[in-house]
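The values are calculated or read from the model by the stated rules, or taken from the named source; none is laboratory data. Small disclaimer: the values here were computed from a predicted structure and weren't measured. Every residue, glycine among them, receives a Cβ derived from its backbone with ideal geometry; neighbour counts consider all protein chains shown. These accessible areas exclude ligands, DNA and RNA; they are computed on the full protein's heavy atoms, side chains included. Shrake-Rupley method; radii C 1.70, N 1.55, O 1.52, S 1.80 Å.
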Amino acid sequence: MPKQINVTVSTVECDLDFAIQPNTLGKNLFDQICHTIGVKEVWYFGLQYIDNKGVTSWLRMNKKVKEQNLQKQYPWRFRFKVKLYPEDVAYHVIQDVTLRLFYLELKELIITDEVYCPPETSVLLASYLCQEKFGDFDPEIYHSNLLDITCLLPVRVIQQHRLTHGQWEEKIVDCWLEHKDQLREEAMLSYLKIAQDLDMYGINYFEIYNRKGSKLWLGIDALGINIYHFNDKLAPQIGFPWSEINNISYSDKRFTIQTASHKSPDFIFVTA
């Protein structure tokens, strides 16, 4: 291993290159990145990477970077990502840079359909994307085919409805006109206020198995832990609010959720 290790960190806006020492802790690297991009609300973010087994993992802060099963090739690659979305962005987020990073990451998740968004809501969100990017709609500047629909709407939504490019534009522009005089930051916040009400907002999903060996999804967010059927990430089958969880224990890949109620049985699952 070289004396200095080159790492590349990708944010939603750019790639950053760093050189770290072999004894650098995860927290040291994370703090350096936060300082570079000006993030002070650090508790919302983390460093994600693909380990040497191909598993997506979060870098541990209290452990040396080199001891976290990283791939052998250099530079080591990480993604600076949102790890925890607050329940109410407008109430909890203070920094403009945090707001912008939330906005850019959620936009990508919604357009790529990693976060499900209904068609009508997709059109409304697309109109806020236009307001943030172009400002107020100006009929003297605007012309047909100005908008790249595939960068504004999920492909699923476009394919489900047999509308022409012009018809999609008309729907988006109708909403866009209603945002007159909104500043970029206000448009981003409006976008986030709508996005935070989506069913899949802020949920980290993990593939698990129940005691019968059936595949399930475990979803974790600011409100608690939910269990989903493997073919449905929208409607939870079982929910455990944080206030009702007494303890979470694990042994190897076997996890047990114990609730505060003695009448409820423990929920046991195995990670993939």
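Observations, loosely collected:
- A count restricted to segment 51-77 and to residues that are closer than 29 Å to Y191 by Cβ and more than 15 Å from the chain's Cα centre (by Cα) stands at 2.
- Pairs with Cβ under 9 Å, 6+ apart, first in segment 228-241 and within 21 Å of T256 (Cα to Cα), second polar (S, T, N, Q) and surrounded by 12 or more Cβ atoms within 10 Å (Cβ to Cβ): P236/N226; Q237/N226; I238/N226; G239/N226; F240/N226; F240/T259
- Taking segment 21-50 as the range and being assigned to a loop (DSSP other than H, G, I, E, B) and either under 26 Å from F102 (Cβ atoms) or of a type in the set (S, T, N, Q) (or both) as the test, the residues that pass are Q21, N23, T24, G38, V39, K40, E41.
- Spans of strands (runs of 3 or more DSSP E) in segment 164-254 with at least 3 residues loosely packed, with under 12 Cβ neighbours inside 10 Å: 245-251
- The C-beta contact set for segment 72-84 (first residue closer than 16 Å to Q32 by Cβ, second residue of a type in the set (K, R) and open to solvent by less than 40 Å² (accessible area, probe 1.4 Å), distance under 6 angstrom, 6+ apart or interchain) is empty.
- Failed item in (1) touching a strand residue (DSSP E or B) at 6+ places or on another chain (Cβ under 7 Å); (2) in contact (Cβ under 8 Å) with a residue 60 or more places away in the chain, with L218 passing the rest: (2)
- Restricting V65, V115 to those that are at pLDDT below 95 and more than 21 Å from T164 (Cα to Cα) reduces the list to V65.
- Flag if G38 is loosely packed, with under 13 Cβ neighbours inside 10 Å and either touching a residue at least 40 places away in the same chain (Cβ under 8 Å) or farther than 16 Å from L189 by Cα (or both): yes
- Just one of the numbered conditions (1) in contact with a strand residue (DSSP E or B) (Cβ under 9 Å, 6 or more places away or on another chain); (2) farther than 30 Å from I94 by Cβ is not true of P118: (1).
- Verdict on S144 being among the small types (G, A, S), at pLDDT 95 or above and open to solvent by less than 80 Å² (accessible area, probe 1.4 Å): no
- The number of residues in segment 255-272 that are under 15 Å from I208 (Cβ atoms), open to solvent by 50 Å² or more (accessible area, probe 1.4 Å) and touching a residue at least 12 places away in the same chain (Cβ under 8 Å) comes to 3.
- Applying a threshold of 7 Å to beta carbon distances and a minimum spacing of six or more residues, or different chains, the list of pairs starting in segment 117-131 at a residue that is over 13 Å from Y191 (Cβ atoms) and ending at one that is at pLDDT 95 or above and part of a helix (DSSP H, G or I) reads P119/V157.
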